[in-house]
Amino acid sequence: MSVQEYLDKHLLSRKLEDAVNAAVRAKTSDPVLFISNHMKKAVQSVITKVKARQILDSRGIPTVEVDLYTNKGMFRASVPSGNSTGMYEAVELRDGDKGVYLGNGVAKAVKNINDKIAEALVGMDPTLQSQIDQAMIDLDRTEKKGELGANAILAVSIAACRAGAAEKEVSLYKHIADLSGKTNPTLPVPAFTVISGGKHAGSNLAIQEIMVLPIGASKFEEALRMGTETYHHLKAVITEKSGAHNCNVGEDGGYAPNISSFREALDLVKEAISRTGYNDKIKIALDVSATNFCIGKRYDLDFQSPQKSGQNFKSAEDMIELYKELCSEYPIVSIEDPFDKEDWEHIKYISNLGICQIVGDDLLMSNAKRIEKAITESACNALLLKVNQVGTVTEVIDVVKQAKEAHWGVVTSHRCGETIDSFIADLSVGLASGVIKSGAPCRGERLEKYNQLLRIEEELGEQAVYAGEDWRQ
């Protein structure tokens, strides 16, 4: 297309004349800037360029970053990664060359963006999120995005979402709410990791995370303060009981004291909460991640201790009794992955007990088919949402709708390998997920999500709504 043909197609000559006339009427001191801004508003934005690169996540492991360009500017996104991947989640494409980043490079995914995805998307309207995502799914042609890589597709999908928000001249969370049909953006309750164990830390504790939820706060800013104060009091409690050397942190910022007892860990957290004076305003959640220590049909609570491993096995029935006791002794309101990911029988049983919310992570892997099975079998009552397990913004919105229609809770989650991208903060508000899990109030890649929620609450002003006691709705 020639320049003249382009000008004629988009009526740019007329629009430029209108911009000049508007500048004259406004008596602007900077007519060039005025005309430029006027033209940006007058001409519909399209994707003009997509450029990807390999960067490092919070663990020093490669991941994908994308710059997507429209006439409104450049919009950047990067994707997180987990410690492990499951057979039911979208495929994260790695290079596999053990001589480069121990096989963890993402040069193939980057090349797929630069050579294939970019060509398919240039010229598309960034506000049409579902069409952009579908174009990439069609280009990939596999069920789990194994050809192009879910890490490649998701990075572009998030960048396009940001570009769409800019084109509409609205904040990202508002754009996401529009895409999902939501009219009630809500600030989520933060689930702060305060103790890390399992595969997230080098301690002897089998359970992966103990979190605190300030559901009694009146707004997010207060919730952040309550969680942060609890975190600092916990450091003092641990130091007093076993020394400062036990205050090292795990991958997501939680303290990793060298203990193995569930109760000992919970007692530390309970004491920290008591010292804050918030007491009933703060509840506790557990991420057991029981698949990591399930051997056959039994659970090895000392799997982190080589000298003791195999000496403290519990049956599923034993674990049920343990969970019942812990929920009666501590203010526990949520347990994530209490059993192995294929132990549907006992997950269903504990869900039906009603002792607390039961969250499916490894059980579901944010997979629509697994979620449908869990809904049908009443196997759990909350979804742990990990965007990189899904692969596109559109599909993320769809699985959240699926969970909400079943009256489930939704927990928007980070991954252990994070970047400074704060997308999940806006996502949790736009989809009104109720809870966000983004690690400890410590480490920049975790705090970026919490700090973005502060900005969103400030922007909303008097219209800001904090989920609080309604965190499951």
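The values are calculated or read from the model by the stated rules, or taken from the named source; none is laboratory data. As the structure is a prediction and not an experimental result, all values here were calculated from the model. FYI the Cβ positions are ideal-geometry reconstructions off the backbone, even for glycines, and counts take in every protein chain you see. We work out accessible area using only protein heavy atoms, side chains counted, and drop any ligands, DNA or RNA first. Shrake-Rupley method; radii C 1.70, N 1.55, O 1.52, S 1.80 Å.
Tabulated results
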| read-out | value |
| --- | --- |
| Estimated distance in nm for a label pair at GLU119 and SER242, the labels positioned 7 Å out from Cα along Cα-to-Cβ | 5.7 |
| Mean separation of Cα contacts under 8 Å, 6 or more apart, over the residue count of the range 313-445: relative contact order % | 17 |
| Fully extended contour minus Cα-Cα distance, from LEU102 to ARG455, at 0.36 nm per residue | 123.3 nm |
| Relative contact order %, the chain, counting alpha carbon pairs below 8 Å whose residues are six or more apart | 17 |
| For SER203, residues with placed amide H under 5 Å, excluding near neighbours | none |
| Helix axis angle, 393-405 relative to the chain longest principal axis, alpha carbon, degrees | 50 |
| Antiparallel bridges, percent of DSSP beta bridges restricted to the chain (to nearest 5) | 60 |
| Over 19 Å [Cα-Cα, the range 262-339], rounded percent | 42 |
| Packing-based ranking, highest mean first, of 340-352, 59-71, 416-428 given that Cβ atoms within 10 Å are counted | 416-428, 59-71, 340-352 |
| Cα-only Debye scattering, the range 402-473: base-10 log of I(q)/I(0) at q = 0.14, 0.16, 0.19, 0.21 Å⁻¹ | -0.44, -0.58, -0.79, -0.94 |
| As computed over the range 70-112, the Cα convex hull volume per residue (Å³) | 118 |
| Length released on extending from LYS15 to ILE55, taking residue separation times 0.36 nm less the Cα-Cα span | 10.3 nm |
| Efficiency of FRET between SER130 and ASN352 - r from beta-carbon atoms, R0 35 angstrom, step 0.05 | 0.45 |
| Residue-normalised accessible area of the chain, given per residue in Å² at a 1.4 Å probe | 42 |
| Cα gyration tensor shape for the range 45-162, rounded if a/c is under 1.5, else prolate or oblate | prolate |
| Simple label model, 7 Å out from Cα along Cβ direction - TRP344 to THR48, nm | 5.2 |
| Rg and Dmax of the range 283-396, Cα atoms only, in Å | 14.6, 47 |
| Area projected by the alpha carbon convex hull of the range 97-254, averaged over all directions, nm² | 13.9 |
| For q = 0.13, 0.17, 0.20 Å⁻¹, Debye-computed log10 I/I(0) when each Cα of the range 129-179 counts as one equal scatterer | -0.33, -0.53, -0.67 |
| Protein accessible area in the chain, 1.4 Å probe - carbon and sulfur % | 49 |
| Volume in Å³ per residue [convex hull over Cα atoms, computed for the range 178-468] | 119 |
